[in-house]
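Quick note: the coordinates plus some simple rules give every number you see, no bench work behind them. Note that this is a predicted model, so its numbers are computed, not measured. Methodologically, a virtual Cβ is constructed for each residue, glycine included, from the backbone with ideal geometry; neighbour enumeration extends over all protein chains shown.
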Amino acid sequence: MEIRKEDILERYTDQAPSYDRSRFGSFGGNYMHEMEINILRRFMKQGSVLELGVGTGRCSLVLAKAGHNVVGIDITRKMLEVAKIKMKQVGIEFEVVNMDAEMLGFRESFDNVICFYTFHFLSRPLVTLKNCYHVLRPSGRCIVSFENRNFWNITFNRYDVIPKNLYTPREVEQLFRIAGFIVIGRRKIFHAPY
């Protein structure tokens with residue numbers, strides 16, 4: 001399935017002003033956010049963080065507040081503008097860069113690379129994971145969330161404006177291993193009660 005970056009840019013440029021409210025403003029959305037933050041707290045190393053697909057900065061703000069040195073990248077400038085506004089509102093700063101996760105351009109290295117709600121939009125996930133591997137310090141951590149290939153996601157994906165790449169956990173683990181990583185664990189963030 002072809003993922004077109006132009007479609008992603010258009011969608012998230014349009015959604016940027018209301019993204020946090022529409023995606024995470026409900027009980028379920030807030031629950032997902034808290035689950036993700038708990039996973040990050042549990043598995044991340046102390047130190048620097050590169051967030052791929054930082055969007056409006058919801059995870060990076062929490063991590064910067066906890067003392068991490070954070071750099072967030074996103075291809076959507078409008079989302080980064082919202083992140084900067086949120087930083088000013090709460091008095092927390094981290095670096096945001098308009099950059100494609102499939103073409104990381106960093107000379108520095110990071111203790112952690114995280115990627116939530118972005119992996120399923122990558123047209124070249126293996127290239128991205130190899131880039132992540134190269135910007136991680138030795139024994140660094142790479143933590144991603146992905147859309148699981150199950151009946152419901154397959155069904156809904158057919159009608160989405162931008163179809164997502166759906167994976168099984170085994171497929172994601174294989175991509176990580178090919179990219180050079182050692183897989184130390186996997187967890188479900190959310191399981192819909194169907």
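To the nearest 20 debye, what is the magnitude of the charge dipole of the range 1-74 about its Cα centre, counting +1 on the Cβ of each Lys and Arg and -1 on the Cβ of each Asp and Glu?
With Lys and Arg at +1 and Asp and Glu at -1, about 400 debye.
What net charge do the residues around Leu104 carry, taking every other residue with its C-beta under 13 Å from that of Leu104, with Lys and Arg at +1 and Asp and Glu at -1?
After counting each charged neighbour, the total is -2.
Rounding to the nearest 20 debye, state how big the charge dipole of the chain is about its Cα centre with +1 on each Lys and Arg Cβ and -1 on each Asp and Glu Cβ.
So the magnitude is around 500 debye.
What shape does the chain take by its C-alpha gyration tensor, where a ≥ b ≥ c are the square roots of the eigenvalues and a/c under 1.5 counts as rounded, a/b above b/c as prolate, and the rest as oblate?
Details: a/c = 1.30, a/b = 1.05, b/c = 1.23.
In terms of gyration-tensor shape, rounded.
State the dimensionless ratio Rg/Rh of the range 45-139 (Rg: radius of gyration of Cα atoms; Rh: Kirkwood radius).
When Rh is taken as the Kirkwood radius, the ratio is 0.95.
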